[in-house]
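Just so you know, all these numbers are worked out from the coordinates, no wet-lab data involved. Quick caveat, the model's predicted, so the values are computed rather than measured. No Cβ is skipped: glycine too gets one built from the backbone with ideal geometry, and neighbour counts run over all protein chains shown.
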Amino acid sequence: MPDPRRVAVLISGRGSNMRALVEKADGYDVALVASNKPDAAGLQWAREHGVPTWSQESKGVAKEDYDRILSATLVDHGIGTIALAGFMRILSPWFIDRWQGRIVNIHPSLLPKYRGLDTHARALDAGDTVHGCSVHVVTEELDAGEVLGQVEVPIETGDTAETLEQRVLAAEHELYPKILREFISR
Ligand code: GRF
């Protein structure tokens, strides 16, 4: 049984949530930052901060073949919990079953509202007064697993998708480390 406190953070881009998870780690260790994009900006930050990294381009590789390679890497690093943080790739049913109940994700909406992409614009278009972010367990259905924690972010007059995104992102950086710690100790 791998140690649930050994966390792999999976990223595809800038990795600001990954950075928050590393900087605020408490009750867990980020033992690996993995990416399906070798040029993901977050990888460079992780390397500079002494966090082990792994990357392999996913484009052009069959989904489950890729996921088997990724999974073997996680096993090699003794990973017990996977935190998705801007990982722009839908995992295969095989992978989700293999790591069942051990994968969490941060999503920029108050789930079950606005699964999928463009959540900030959709909240504005709907005339919502409150938006926010959620950490949830990853299941086969997109953004639909058990919600572990949420933060509300009020929508202000004059907000654009960009200004709203910035405030939600700041809330994500507070929420994710806290909920990950709770998830691992439950
Ligand atoms: C965040 O908005 C997160 O909620 C979503 O993807 C974005 C990733 O941003 N899943 P970053 O790479 O963590 O900065």
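Only helices enter the 222 nm calculation for the chain: every DSSP H run of n ≥ 4 contributes -39,500 (n - 2.57), and dividing by all residues gives -11000 deg cm²/dmol, rounded to 500. A simple spin-label model places the labels of residue 3 and residue 23 2.5 nm from each other, with each point 7 Å out along Cα-to-Cβ. Coupling constants for region 166-176 follow from the phi torsions by the Karplus curve (6.51 cos²θ - 1.76 cosθ + 1.60, θ = phi - 60°), and in residue order they are 4, 5, 5, 4, 4, 5, 4, 5, 7, 5, 5 Hz; glycine and proline get x. Put a plus charge on the Cβ of each Lys and Arg, a minus charge on the Cβ of each Asp and Glu, and nothing anywhere else: the dipole of region 90-184 about its Cα centre is then about 360 debye.
Segment residue 61..residue 118, full-extension length gain: 17.9 nm, with 0.36 nm per residue of separation and the alpha-carbon distance subtracted. With Rh defined as the Kirkwood radius, the inverse of the mean 1/r over Cα pairs, the Rg/Rh of the chain is 0.96. Across region 57-69, computed HN-Hα scalar couplings (Karplus, 6.51 cos²θ - 1.76 cosθ + 1.60, θ = phi - 60°) run 4, 8, 4, x, 10, 4, 3, 6, 4, 4, 5, 5, 5 Hz from first to last residue, x flagging Gly and Pro.
Extension gain, residue 100-residue 14: 0.36 nm per intervening residue step, less the Cα-Cα distance, totals 28.3 nm.
Loop-located trypsin sites (Lys or Arg not before Pro) across region 68-110 with a Cβ neighbour count of 15 or fewer within 10 Å are lacking, with loop assigned by DSSP.
Residues whose amide H comes within less than 5 Å of that of residue 53, counting only those at least five positions distant or on another chain, are 33 (H built at 1.01 Å from N in the peptide plane). Once each of the GluC sites (Glu not before Pro) sitting in a DSSP loop with at most 14 other beta-carbon atoms within 10 Å is removed, the chain keeps 58-139 as its longest stretch.
Taking 25, 72, 46 as the candidate residues, the one with maximal mean-square fluctuation in a Gaussian network model of the chain, Cα springs under 10 Å, is 72.
Here the peptides 121-132, 33-44 are ranked by packing, the mean other Cβ count within 10 Å, and the order with the highest first is 33-44, 121-132. Here residue 125 and residue 90 are evaluated by their C-beta separation; at R0 = 22 Å the FRET efficiency comes out at 0.35. Taking 0.36 nm per residue of separation and subtracting the current Cα-Cα distance, fully stretching the chain between residue 68 and residue 157 would add 27.3 nm.
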